Amino acid sequence: MDFTGHACITTLTDECHPPTTGRYRKCQVAVHQLIQRCSRSPKSTSSKDLNVVLFGETGVGKSSLINLMAGKEVAKVSPDADACTLDSEEYGFEIGPTRIRMWDTVGLEEPDTISEDRCFTAIEKAIQLIKSLSAAGGINLLLFCIRANRITVTIQNNYRLFYEVLGRKEVPVALVVTHLEREQQMEDWWPRNEKILERYGIMAAGHACVTGVVGHPKYQQSQDAIRALLLQYDEQGKFMMPPEAWIGRLLKGFVSFVGDKAFLRGRDMVRILTKRCQLRPDVAQRVAACLEQ
């Protein structure tokens, strides 16, 4: 008998005797990888598309993660120390027949580091992000990138801002844990930390434990894991709202998370939204009304 590929697996969960942490997930990835390598789509099948918002604090490795997913350098890896909250950059690449459009978005910083000027810049960036997502037809997936260290309140607030506010709890959130080079088995991180994440209210619809270090022995394994995770959502319907309501909702949520910003009170938000953020006066008035509700 001749075969085009194979996978050796077990369908027993990790809790079965003897318990083996991470075994079930490895088998799942192996089967996904086998299907990707060996399946052939009919010639008449049209390409799929997947719109993803990637978010997380600066320094967690989002640029390296994008290059890992794309299989080539599409994002410049830099310290991005000067990046602004809610600043975003769009990337495009393909995984098999699936076209990926990804917005790499800087999440919230520590509240004390957000000055008055940076707050208004973040508002401007938020509006640009909503305009881009609306033009693209909405979001399929939120991809939350965190570093493999302690969970902080800022991480919790990032999750809430994107999941509860931007996606209105209707867009699935998948978690990517980076900087796992030193783990003997990268997947071992998940069972050790899943309950901690849940205590912070962070619930993931899926996850991948990876390293983005090019040339690392676990680099290919990481690429297989993150691609398998993404392709679970290429049939997911897209979420979007009318742009004005979406902008108002995101700005109101953002302001609530950055702390007590008294300088926003009494400001002529209509003027700020028209002059600085380039909204039409009538749109600016409706967005400003959302902020006051």
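For region 187-203, which positions are aliphatic (A, V, I, L, M) and in contact with a helix residue (DSSP H, G or I) (Cβ under 7 Å, 6 or more places away or on another chain)?
ILE202 - this is the single residue of region 187-203 that is aliphatic (A, V, I, L, M) and in contact with a helix residue (DSSP H, G or I) (Cβ under 7 Å, 6 or more places away or on another chain).
Any residue in region 112-121 that is touching a Leu at 6+ places or on another chain (Cβ under 7 Å), buried (at least 19 other Cβ atoms within 10 Å of the Cβ), closer than 28 Å to LEU273 by Cα and modelled with pLDDT under 95? Within region 112-121 (the criterion being touching a Leu at 6+ places or on another chain (Cβ under 7 Å), buried (at least 19 other Cβ atoms within 10 Å of the Cβ), closer than 28 Å to LEU273 by Cα and modelled with pLDDT under 95), the answer is no, since none of the residues qualifies. Scanning region 161-187 for residues that are exposed (fewer than 15 other Cβ atoms within 10 Å of the Cβ) and closer than 18 Å to ARG150 by Cα turns up just one, ARG182. Here VAL173 clears all of (1) modelled with pLDDT of 95 or more; (2) in contact with a Lys or Arg (Cβ under 9 Å, 6 or more places away or on another chain); (3) not charged (D, E, K, R) except the condition numbered (2). May I ask you to verify whether VAL258 is under 24 Å from ASN157 (Cβ atoms), assigned by TED's automatic domain parsing to the domain that holds GLU94, crowded, with 19+ Cβ neighbours inside 10 Å and hydrophobic (A, V, I, L, M, F, W, C)? The answer is no for VAL258. Taken over region 59-91, residues that are among the aliphatic types (A, V, I, L, M) and at pLDDT below 85 amount to 3.
The values are calculated or read from the model by the stated rules, or taken from the named source; none is laboratory data. These figures come from a predicted structure and were not determined experimentally. Cβ: placed from backbone, ideal geometry, glycine included. Neighbour counts: every protein chain shown.
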